[in-house]
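In what follows, a structure is listed as structure tokens, so that the remarks can point back to it.
The values are calculated or read from the model by the stated rules, or taken from the named source; none is laboratory data. Not measured: the values here are computed from a predicted model. Cβ: placed from backbone, ideal geometry, glycine included. Neighbour counts: every protein chain shown.
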Amino acid sequence: MNLKLIRLYIIVSILFVSCYDAPNYPDTPEIVIKGVRAHSVVSPGDSVIVVLEFQDGNGDLGKLNNSDTIPNLFITDKRFGIIDSQSYSIPYIPDKGSVKDISGEIEINLLSKIYCNPLYPEKIKDTLEFEIQVRDRVGNFSNKVTTGKLEMNCR
């Protein structure tokens, strides 16, 4: 009786595992903005959190290790067209099993980017908008996404 039960359990387990479809993402990373926490900023120094969803088919998104300094997250302040690739990075993402495809979420705090336009100090309000792109370790760039406009009170 126990032998029959064990065989049945093994057969059901094999059927269950074989029905699982592993994700099949492209090797080029893809990102989507899931949310932006703060559409109106009271003053410089307020936080704006951007939540990105990502997918990468070959699982090489993020740092290779803790000493990796190659830029992998690019944030453009659309007011000036300046790309910042040094202030932010995607940390190492560990493998989970034998499937290379990875997906998940990244939270980015844009606190250091929230400041009024120094070229126009008399402005009472400023409009911010950021463009974000990621790069995997073999050099594939993702699509670009934008936060949408954020209003900031400069006084």
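Which count do you get for residues in the range 122-142 that are in contact (Cβ under 8 Å) with a residue 12 or more places away in the chain and closer than 16 Å to Cys154 by Cβ? Before the answer, list the steps.
Applying the first criterion (in contact (Cβ under 8 Å) with a residue 12 or more places away in the chain) to the range 122-142 yields 123-138, 140-142.
Retained after the next criterion (residues that are closer than 16 Å to Cys154 by Cβ): 123-129.
Looking only at that region, the number is 7.
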- Message: Considering only residues that are within 21 Å of Ala38 (Cβ to Cβ) and of a type outside the set (A, V, I, L, M, F, W, C), which ones fall in the range 113-132?
- Response: Lys113, Tyr115, Asn117, Lys123, Lys125, Asp126, Thr127, Glu129, Glu131
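I'm trying to understand the selection: among the residues of the range 98-155, which are among the aromatic types (Phe, Trp, Tyr) and in a loop (DSSP other than H, G, I, E, B)? Give the steps one after another, and end with the answer.
Going through the range 98-155, the residues among the aromatic types (Phe, Trp, Tyr) turn out to be 115, 120, 130, 141.
Of everything in the range 98-155, those that are among the aromatic types (Phe, Trp, Tyr) and in a loop (DSSP other than H, G, I, E, B) turn out to be Tyr115, Tyr120.
Which of the residues that make up the range 54-88 are small (Gly, Ala, Ser) and surrounded by 16 or more Cβ atoms within 10 Å (Cβ to Cβ)? Let's see the steps before the verdict.
Applying the first criterion (small (Gly, Ala, Ser)) to the range 54-88 yields 57, 59, 62, 67, 81, 85, 87.
Those that are small (Gly, Ala, Ser) and surrounded by 16 or more Cβ atoms within 10 Å (Cβ to Cβ): Gly57, Gly59, Gly62.
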- Considering only the range 69-91, state which residues are farther than 17 Å from Thr146 by Cα and of a type in the set (A, V, I, L, M, F, W, C). Ile70, Ile90
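Is it the case that Val12 is at pLDDT below 85, surrounded by 16 or more Cβ atoms within 10 Å (Cβ to Cβ) and farther than 20 Å from Pro94 by Cβ? Steps first, answer last, please.
Values: at pLDDT below 85: yes; surrounded by 16 or more Cβ atoms within 10 Å (Cβ to Cβ): no; farther than 20 Å from Pro94 by Cβ: yes.
No; evaluated as a whole, the condition is false for this residue.
Could you look through the range 57-113, keep only residues that are hydroxyl-bearing (Ser, Thr, Tyr) and without any contact (Cβ under 8 Å) to a residue 12 or more places away in the chain, and pick out the one that is nearest to Ser142 (Cα to Cα)? Even if it seems obvious, please write down each step before you answer.
Looking only at the range 57-113, we keep the residues that are hydroxyl-bearing (Ser, Thr, Tyr), and these are 67, 69, 76, 85, 87-89, 92, 98, 103, 112.
Then keep just the ones that are without any contact (Cβ under 8 Å) to a residue 12 or more places away in the chain; that gives 67, 69, 98.
Values: Ser67: 23, Thr69: 19, Ser98: 24 Å.
Top of the filtered list is Thr69.
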